[in-house]
Amino acid sequence: MHDARLLLELGDEAVRRLRRRGYELDLAGLEAMSSRRASAIGTVDELRAESKRAAAEVGKAAKAGASSADVAPDLTALKERARELKERIREAEEEVEAAEAALRDLLLVIPNLPSDDAPDGDSEDDAVEVRRVGEPPAFGFTPRDHVELGEAMGILDFGRAAKLSGARFSLARGPGAALERAIATFFLALHTGRHGYTEFSPPYLVSGQTMTGTGQLPKFEEDLFRTGTGDRGLYLIPTAEVPLTALHADEILPAETLPRAYTSWTPCFRSEAGSYGRDTRGILRLHQFSKVELVRICAAEESPRELEVMLGHAEACLQELGLAYRVIRLAAGDMGFNAQLTYDIEVWLPGQDTYREISSCSDCGTFQARRSGIRSKDAHGGRGQVATLNGSGLPIGRSMAAILEQCQSEDGSVTLPEVLAPYAGFRRILADGTTE
RNA sequence: GGAGGAUUGGCCGAGCGGCCUAAGGCGCACGAUUGGAAAUCGUGUUGGGGCAACACCCCUCACGGGUUCGAAUCCCGUAUCCUCCGCCA
């Protein structure tokens, strides 16, 4: 959420930057709502001050009345005046409430300002490639995709997943399930051990308030799974970013404890409304998948640097696995609601003969922190704004797909990256699903 | 699900319907003292908002209502935590 005052200070600059992501800011409307709120608050404050004075007078008069009986009529008049004031305060408060609600409703749907580093455009075609790392493997045969490989080996079973839950679910079996666990554990060990992240095991069901704080609500309700009993409604997290970022909602963090680096391996639930027909094959786009997430909270001015650091941590996953990938910078109009700058990492998928998204690392600046009330305080009591960043480090399913496809042999076996063997307990999955 | 108890500032902890502009302590910051430190002394220290303003004003004692001229204090509701019972992986 934006600070109305900062947005107004930026003025036409804000309009220009938001236009880059296809949002038309009504500056005049914002200005009007903002000053309506300010004047309403001013009115209430004045009336309250007067009311406090009136109450004090009544108190004094009452005390005086205890010693002389003839002040009683005076006292009644004073009380009457105080009562009238209260009436007027009530009316003025209604106006404040209405003005604040109107302003907040507007602010909540304005997306973050894109950084000037984000290229122009509004589609994935407008992204700019930053670098390519690793060589896509050259096969002397036609590489199979992960669905073909996984089903042939009997480690992925889409038919039974559909029987259980319908479309867009997957089921891993035997070495497939072990491989998922191995990948996740490997990523966690890398981030907690080498990159200095603190691991969390958070709730997967969170309140609407938490979803609002991280910006999923009110705009993206249709993307979420909702559950509840009685009148209690909870949402299934679409990513661990939600609980990890909201952890410190309404808290003031000591500046010297920044940056905070958090990681968590959780299931993620997404309705994928609006993606009908896209990526219907395999484990690339599911209603439920698991992911190791990275979240960083830092001083506001550090966020561009922190983004590069976090991107490096996500890239390290692929480098360690020896997988070919590239990094792109998303166009202003193609970024998520909260982001001011986003890098995507795309891994090479031989089965599709293309690079596909495997990680999205975003700098949300102060946008998300303001919305959820995360602040900082230095040793001298000075208050500071904090920035939040989040990135996948990495999703398990897509990582597994990339491993199966990039590490396959002509005989239908898959040789795991060296680093995974200790976690998986085997180094190869043969065509018949046995391991060695 | 049932019965009781609790919720006060960064932390602990007092608090009679008006002098709560919240005692006291701890912690922290700054200063004095010191060769330097400890100890000691002094000062400051909840967080928001209105405003050009560190002036002034308003709000904030879990949250939301109510009673009252006036609520941390009384009443109602909600949330969370604790204890016990029930159920349960």
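The values are calculated or read from the model by the stated rules, or taken from the named source; none is laboratory data. Since we're looking at a predicted model, the values are computed, not measured. In this analysis, Cβ positions are derived from the backbone assuming ideal geometry, glycine residues included, and neighbour counts consider all displayed protein chains. Heads up: the accessible areas ignore ligands, DNA and RNA and are worked out on the full protein's heavy atoms, side chains in. Shrake-Rupley method; radii C 1.70, N 1.55, O 1.52, S 1.80 Å.
Quick one: is A:PRO254 more than 30 Å from A:GLY159 (Cβ to Cβ), more than 16 Å from RNA strand B (Cβ to nearest atom) and either modelled with pLDDT under 90 or in contact with a His (Cβ under 7 Å, 6 or more places away or on another chain) (or both)? No: the conditions fail for A:PRO254. What about A:ALA14, is it touching a helix residue (DSSP H, G or I) at 6+ places or on another chain (Cβ under 7 Å), closer than 21 Å to A:GLN368 by Cα, at pLDDT 90 or above and crowded, with 17+ Cβ neighbours inside 10 Å? Yes: the conditions hold for A:ALA14. Of the residues screened, A:ILE396 is not one that is crowded, with 19+ Cβ neighbours inside 10 Å and over 18 Å from A:ALA240 (Cα atoms).
Based on what the data block shows, is A:GLU199 open to solvent by 30 Å² or more (accessible area, probe 1.4 Å) and in a helix (DSSP H, G or I)?
No, not satisfied.
Cβ-Cβ distances below 7 Å connect the following pairs, each with a first residue in the stretch A:1-18 that is basic (Lys, Arg), a second residue that is modelled with pLDDT of 90 or more, and a separation of six or more residues or different chains: A:ARG17/A:LEU113; A:ARG17/A:PRO114.
Listed here are the residues, each with its yes/no results for (1) among the hydroxyl-bearing types (Ser, Thr, Tyr); (2) in the same structural domain as A:HIS287 (by TED's automatic domain parsing); (3) out of contact with any helix residue (DSSP H, G or I) (no Cβ under 6 Å at 6 or more places or on another chain).
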residue	(1), (2), (3)
A:ARG90	no, no, yes
A:GLU97	no, no, yes
A:ARG132	no, yes, yes
A:ALA138	no, yes, yes
A:GLU148	no, yes, yes
A:ILE155	no, yes, no
A:SER165	yes, yes, yes
A:GLY176	no, yes, yes
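Of all the listed residues (A:ALA61, A:ALA32, A:ALA72), the sole one being open to solvent by less than 60 Å² (accessible area, probe 1.4 Å) and at pLDDT 85 or above is A:ALA32. Taken over the stretch A:257-290, the criterion of being of a type in the set (Val, Ile, Thr) and either more than 16 Å from RNA strand B (Cβ to nearest atom) or under 16 Å from the mean Cα position of the chain (by Cα) (or both) is satisfied by A:THR263, A:THR266, A:THR280, A:ILE283.
Looking at A:VAL419 and the list (1) surrounded by 24 or more Cβ atoms within 10 Å (Cβ to Cβ); (2) more than 27 Å from the chain's Cα centre (by Cα); (3) of a type in the set (Val, Ile, Thr), which single condition is not satisfied? Status for A:VAL419: all satisfied but (1). The C-beta contact set for the stretch A:26-37 (first residue more than 11 Å from A:ALA102 (Cα to Cα) and assigned by TED's automatic domain parsing to the domain that holds A:GLU95, second residue crowded, with 19+ Cβ neighbours inside 10 Å and at pLDDT 90 or above, distance under 8 angstrom, 6+ apart or interchain) comprises A:LEU27/A:ALA14.
Just wondering, is there one or more residues in the stretch A:280-292 that are in a loop (DSSP other than H, G, I, E, B) and on the phi > 0 side of the Ramachandran plot? Yes - at least one qualifying residue is present in the stretch A:280-292. Checking each residue in the stretch A:248-266 for being open to solvent by less than 30 Å² (accessible area, probe 1.4 Å) and in a strand (DSSP E or B) picks out A:LEU253, A:ALA261, A:TYR262, A:THR263, A:SER264, A:THR266.
Residues that are within 16 Å of RNA strand B (Cβ to nearest atom), over 26 Å from the mean Cα position of the chain (by Cα) and open to solvent by 40 Å² or more (accessible area, probe 1.4 Å) do not occur anywhere in the stretch A:103-123.
Taking the criterion of being open to solvent by less than 30 Å² (accessible area, probe 1.4 Å) and within 17 Å of the chain's Cα centre (by Cα), the residues of the stretch A:217-234 that qualify are A:LEU217, A:LEU224. If you take the residues in the stretch A:38-55 that are near RNA strand B (Cβ under 7 Å from one of its atoms) and of a type in the set (Lys, Arg), which one is modelled with the lowest pLDDT? That would be A:LYS52.
When restricted to residues that are at positive phi and either hydroxyl-bearing (Ser, Thr, Tyr) or in contact with a Leu (Cβ under 9 Å, 6 or more places away or on another chain) (or both), the stretch A:139-171 contains 1.
Which is of a type in the set (Gly, Ala, Ser), assigned by TED's automatic domain parsing to the domain that holds A:LYS219, farther than 25 Å from A:LEU18 by Cβ and open to solvent by less than 10 Å² (accessible area, probe 1.4 Å), of A:ALA339, A:ALA324?
A:ALA324
All conditions but one from (1) at pLDDT 95 or above; (2) within 24 Å of A:ILE183 (Cβ to Cβ) apply to A:LEU341; the one that does not is (2).
The condition of being within 30 Å of A:GLU148 (Cα to Cα), within 16 Å of RNA strand B (Cβ to nearest atom), not in a loop (DSSP other than H, G, I, E, B) and not aliphatic (A, V, I, L, M) does not hold for A:PRO243. Mind checking which residues of the stretch A:141-156 are open to solvent by less than 40 Å² (accessible area, probe 1.4 Å), among the aliphatic types (A, V, I, L, M) and part of a helix (DSSP H, G or I)? A:VAL147, A:LEU149, A:MET153, listed by residue number.
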